[in-house]
């Protein structure tokens, strides 16, 4: 094998100053998830493992390392919100990441406003330009290739309501760069944002 390639087996360790896995699979959308306990306590937390998985019905999902308040709330109520983390909201998003007791309302902790949703009973972040209202479809505990259970839980939900600030719709097309989304990168503190200068277009090849 070439000396120009660093190869490792994760089960044996990476042999580097910092685990590169999160940096290699990056940048990633942030799952800024709002939920509510059966007792009505609001929760808002960012998850770095998040994405969309289906068109019709639209399904999004996030993975929680550890059975945390978000997972517990969503399993109990069957609902959650996703809120776009943007550059102007980066500090507030980071504040909502604090490890606090279940009774602490992260909306208040981060100075954000809970805005009532139209379909579900969980509020969204009023300050964000984009948010989803979601109903739980599945909660899966991840397993390794050997079948052993991990301490990670994948939460999947159907998007039943979408909120988009009208100024982000240019001739009816959503302008991703104008929303200034932030994305999780590698390392303990790295993020990226999206800008108009980084855009390029590439269409799928036609069927031959």
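From the residues in region 37-60 that are in contact (Cβ under 8 Å) with a residue 60 or more places away in the chain, more than 18 Å from residue 152 (Cα to Cα) and touching a helix residue (DSSP H, G or I) at 6+ places or on another chain (Cβ under 6 Å), which one is surrounded by the fewest Cβ atoms within 10 Å (Cβ to Cβ)?
37
Cβ-Cβ below 6 Å, separation at least six or inter-chain, first residue in region 75-86 and under 11 Å from residue 35 (Cβ atoms), second at pLDDT 95 or above and part of a helix (DSSP H, G or I): which pairs?
80/74
If you check 19, 3, which single one turns out to be in contact with a helix residue (DSSP H, G or I) (Cβ under 9 Å, 6 or more places away or on another chain) and at pLDDT below 95?
Going through 19, 3 in turn, just one is in contact with a helix residue (DSSP H, G or I) (Cβ under 9 Å, 6 or more places away or on another chain) and at pLDDT below 95: 19.
Residue-by-condition table, conditions (1) under 12 Å from the mean Cα position of the chain (by Cα); (2) closer than 30 Å to residue 115 by Cβ:
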{"position": "3", "(1), (2)": "no, no"}
{"position": "7", "(1), (2)": "no, no"}
{"position": "19", "(1), (2)": "no, no"}
{"position": "24", "(1), (2)": "no, no"}
{"position": "28", "(1), (2)": "yes, yes"}
{"position": "31", "(1), (2)": "yes, yes"}
{"position": "50", "(1), (2)": "yes, yes"}
{"position": "54", "(1), (2)": "no, yes"}
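Given the structure, is residue 188 farther than 23 Å from residue 86 by Cα, modelled with pLDDT under 95 and out of contact with any strand residue (DSSP E or B) (no Cβ under 7 Å at 6 or more places or on another chain)?
no
Would a scan of region 146-155 turn up a residue that is surrounded by fewer than 15 Cβ atoms within 10 Å (Cβ to Cβ), in contact (Cβ under 8 Å) with a residue 40 or more places away in the chain and not in a loop (DSSP other than H, G, I, E, B)?
yes
So, in region 156-193, exactly how many residues are under 19 Å from the mean Cα position of the chain (by Cα) and surrounded by fewer than 11 Cβ atoms within 10 Å (Cβ to Cβ)?
2
The values are calculated or read from the model by the stated rules, or taken from the named source; none is laboratory data. Just so it is clear, the structure is predicted and the values come from calculations on it, not from any experiment. Note that we place each Cβ from the backbone using ideal geometry, even for glycine, and neighbour counts take in every protein chain shown.
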